[in-house]
Amino acid sequence: MTLEERIREVNTRIEEACLRSGRSREDVNVIAVTKYVSTSMTERVLDSGLTHIGENRWQNAEEKWNALGSRGTWHFIGHLQTNKVKDVAGKFEYIHSLDRLSLAKELEKVASARNLEIKTFVQVNISGEDTKYGLEPEQAVPFLKELHQFPHIKVAGLMTMAPFEGEAEDTRPVFRGLRELRDDINRHAITREPLIDLSMGMSNDFEVAIEEGATWIRLGSILVGKQEGE
Ligand SMILES: *Cc1c(COP(=O)(O)O)cnc(C)c1O
C-alpha cells in the first residue's frame, strides 16, 4: 500500500470508530509517528497533509527536525531524559511523557529561561506493567498539584501506553482507566483548567482508544510504515 492509501484506510477506520462511539471526528487528532522512517519519508508525510509529527528520541529526530521543523507541529512521545530537555524544548510543542518531578523542574528551568510555554501530557501507567514508564495512577493527583509551582508548564491532559495485546479489545480497560482518571481529576478541580486531552492508542489498538475517548492517537507502522519505500 502507498502512503496515500494507508492514510485513507486509517481515516475510514477512525471515522467508523467515532460513529460507533458517538464522537465527533474533529475531536480525534492523529500524530504521525515517524521514528521508523527517514527524513525524506517524513517530508512525504507532511506533503500528504498530516501536520502532527511524533518522535520518541532526540537522536533520531534531530536531522528530521532540522530539515522540516518549521512545517509541522512536533510531539515528543518517548521517555525524555532530563539532559535532553535543552534540545527538545521549543522545538517540540508537546511533550507526552512528563512522569517525574525532576523532569518538570528541568522543563520549567529551560522554558522560563527561553520564555516558552511547554505543553505536556502527564504519563500514567494504568496497566501496571513494570516495563513501562509513567506515574502510578495514585500518584497523578499529588503530581498535578506539584506542577502548580511551574508557570511555564501547561498540562493538556494525560497519556498512557497499553501493553501490546494480541487482541485490541484487551486494551480497553487501560484506556477506560485513563479516561476515568481524567474525569476524576476534573471533578475535584485539581488543575488550573480542566484536563481535556487523552493521548492514547497506537497502530494495534487505536480504534478501542477512540471508543474510550482518545483525543490524540499516535500512529507509526499502520500509517507511516516501518521502512523506506513502503
Ligand atoms: C512508536 C510509538 C508509537 C507508534 O507505534 P506504532 O505501534 O507503530 O503505531 C506510539 N507511541 C509511542 C510512545 C511510541 O514510542
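Taking all protein chains together, ILE95, ILE7 sort by accessible area into ILE7, ILE95, largest first [probe 1.4 Å].
Ordered by 1.4 Å accessible area with all protein chains kept, SER70, SER21 run largest first as SER70, SER21.
For the set ASP130, ASP184, ASP87, ASP99, solvent exposure ranked by accessible area (probe 1.4 Å, protein chains only) runs largest to smallest as ASP130, ASP184, ASP87, ASP99. Taking the Cα centre of segment 3-224 as origin and assigning +1 to Lys and Arg Cβ atoms and -1 to Asp and Glu Cβ atoms, the resulting dipole is close to 820 debye.
Taking 0.36 nm per residue of separation and subtracting the current Cα-Cα distance, fully stretching the chain between SER102 and TYR133 would add 9.7 nm. Spread over its residues, the convex hull of the C-alpha atoms of segment 107-206 is 105 Å³ per residue. For LEU46, the solvent-accessible surface computed with a 1.4 Å probe is close to 10 Å², ligands and nucleic acids excluded. Computed from the C-beta positions of GLU5 and ARG187 and an R0 of 30 Å, the FRET efficiency is 0.10 to the nearest 0.05. For GLU106, the solvent-accessible surface computed with a 1.4 Å probe is close to 40 Å², ligands and nucleic acids excluded. Each principal axis of the Cα cloud of the chain was taken in turn, and the coordinate range along them, longest first, works out to 48, 40, 31 Å. Taking the charge dipole of segment 3-224 about its Cα centre, with +1 at Lys and Arg Cβ atoms and -1 at Asp and Glu Cβ atoms, the residue from ALA104, THR51, PRO173 reaching farthest to the positive side is ALA104.
The values are calculated or read from the model by the stated rules, or taken from the named source; none is laboratory data. Every value quoted in this text rests on a predicted model; they were computed, and no experiment measured them. Every residue, glycine among them, receives a Cβ derived from its backbone with ideal geometry; neighbour counts consider all protein chains shown. Each accessible area value is taken on the protein alone, full model and side chains, heavy atoms only, with ligands, DNA and RNA left out. Shrake-Rupley method; radii C 1.70, N 1.55, O 1.52, S 1.80 Å.
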